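A quick write-up on the structure given underneath.
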Amino acid sequence: MFFKTLRRLAPIAFLIATALSAADDTAKAHVPALKDVFARDFLVGAALERSFYNGTRPERSALVVSQFNAVTPEIAMMWQFIHPEENRFDFASADRCVDFATKHGLVVSGHMLVWHQLTPAWVFKNADGSPASRETLLARMREHIRTVVGRYKGRVKSWDVVNEALDDDGALRDTPWRRIIGDDYIEQAFRFAHEADPDAELYYNDWGVESGKRLEGALALLRKLKAAGVAVSAIGIQEHVNLDYPGAKDVDKAIGEFAKIGVRVLITELDVDVLPRTPEMDEANVDITRVKMTRPEENPYAGAGGLPEAMQARLAKRYAELFAVYLKHRDVIGSVSFWGVTDRESWLNNWPVRGRTN
Ligand code: XIL
């Protein structure tokens, strides 16, 4: 059964792989749209870098509209950009993204409300530089969530309420949020989001939750939130993967486990890293771009030849096996979103090493 589905999917995976690495951004008439291929299964989305919605590159916007029925602003809603100073919000970019989506009938997922990265230092401090109290930080969190969620009420369907709160051992990560507020900061964030838009679908989002301690930790966290009566309806599995890891079997099992505890699943940030990694690159920190490239072997596809046929085929096979799993679980999966529209704009070209060709 699995292999039959896989065979059926092979051409689709090839289209995904080639569409994503296409030499020009123009939508090609002969390529079936991803959103149509999976129309009866789940929404298919992409994270949008700003040139895809701000009107400067019409061909990019056209590509989005032709292929996808869901979008996520890639960075526009991150705290650092949307709320840079205590009494100043900057909605310009997020507004444009949501307006673009609304105009074209694309479902919007909001990314994200609470994270330990790309959050300005003032959030955690008093005016004199001393650490903020639990009360102050809770009040700031509530104000931020109330303002952002409230502004897009009815236009953003689902919110990534808390992003990447787990450590590799499955316990809660040590972050300023947790240190100052306590372990209940996650529960509080969900309560504030629910209060701001009772109709929004609220999810917890993390990477590496397909197996091991991270999967156990995510299941435990979601069970705990649900037992406390928190309005969490889904897990966002980021799905930043490479060609071999995590295995399709693990992805399959993990989705099954989440379904068993009664949460829906959103695949939120799918991409496949095809470049070699050294151990120092394996750290989930978006600032890791300090890692320097030292040998040409670390950037093998930068030349005119691009990705060799054999690698292209492996990439296609990888997409095929992942989408076979998603299809199997279509009853619990709300959407599958790629982290980026094409490989050319993908953050993987600059992370975990700046300036490679992924
Ligand atoms: C990345 C963006 O793609 C980059 O443009 C930005 O510089 C850093 O963040 N997990 C997440 C996303 O939840 O927000 C990250 O996005 C990728 C990892």
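The values are calculated or read from the model by the stated rules, or taken from the named source; none is laboratory data. Given the structure is predicted, the values throughout are model-derived calculations rather than measurements. Backbone-built Cβ (ideal geometry, glycine too); neighbour counts: all protein chains shown. Each accessible area value is taken on the protein alone, full model and side chains, heavy atoms only, with ligands, DNA and RNA left out. Shrake-Rupley method; radii C 1.70, N 1.55, O 1.52, S 1.80 Å.
The mean sequence distance of close C-alpha pairs (under 8 Å, at least 6 residues apart), as a share of the length of the chain, puts its relative contact order at 20 percent. Bridgeable aspartates and glutamates around LYS292 (alpha carbons under 19 Å apart, same-chain partners fewer than 8 residues away excluded): ASP273, GLU280, ASP282, GLU283.
Mind running the shape call on the chain? Use the C-alpha gyration tensor, a ≥ b ≥ c as the square roots of the eigenvalues: rounded below 1.5 for a/c, prolate if a/b tops b/c, oblate otherwise. Verdict is rounded for the chain. In this structure region 2-349 gives 44 Å² per residue of accessible area when probed at 1.4 Å with all protein chains present.
Counting only alpha carbon atoms, the long axis of helix 134-151 and the longest principal axis of the chain meet at about 50°.
For the set LYS35/LYS157; LYS153/LYS260; LYS157/LYS226; LYS35/LYS224; LYS157/LYS213; LYS153/LYS253, the pairs lying more than 23 angstrom apart at their alpha carbons are LYS153/LYS260; LYS35/LYS224; LYS157/LYS213; LYS153/LYS253. The share of accessible area on the chain that comes from carbon and sulfur is 53 percent, using a 1.4 angstrom probe.
To the nearest 10, the accessible area of LYS226 is 80 Å² with a 1.4 Å probe. On a 0 to 90° scale, report how tilted helix 309-328 is relative to the longest principal axis of the chain, with both axes built from alpha carbons and the result rounded to the nearest 10. Rounded to the nearest ten degrees, it is 60.
Each of the peptides 73-82, 243-252 was scored by the mean count of other Cβ atoms within 10 Å over its residues; in descending order, highest first, they stand as 73-82, 243-252. Annotation: the antiparallel percentage among DSSP beta bridges lying fully within region 2-349 is about 10.
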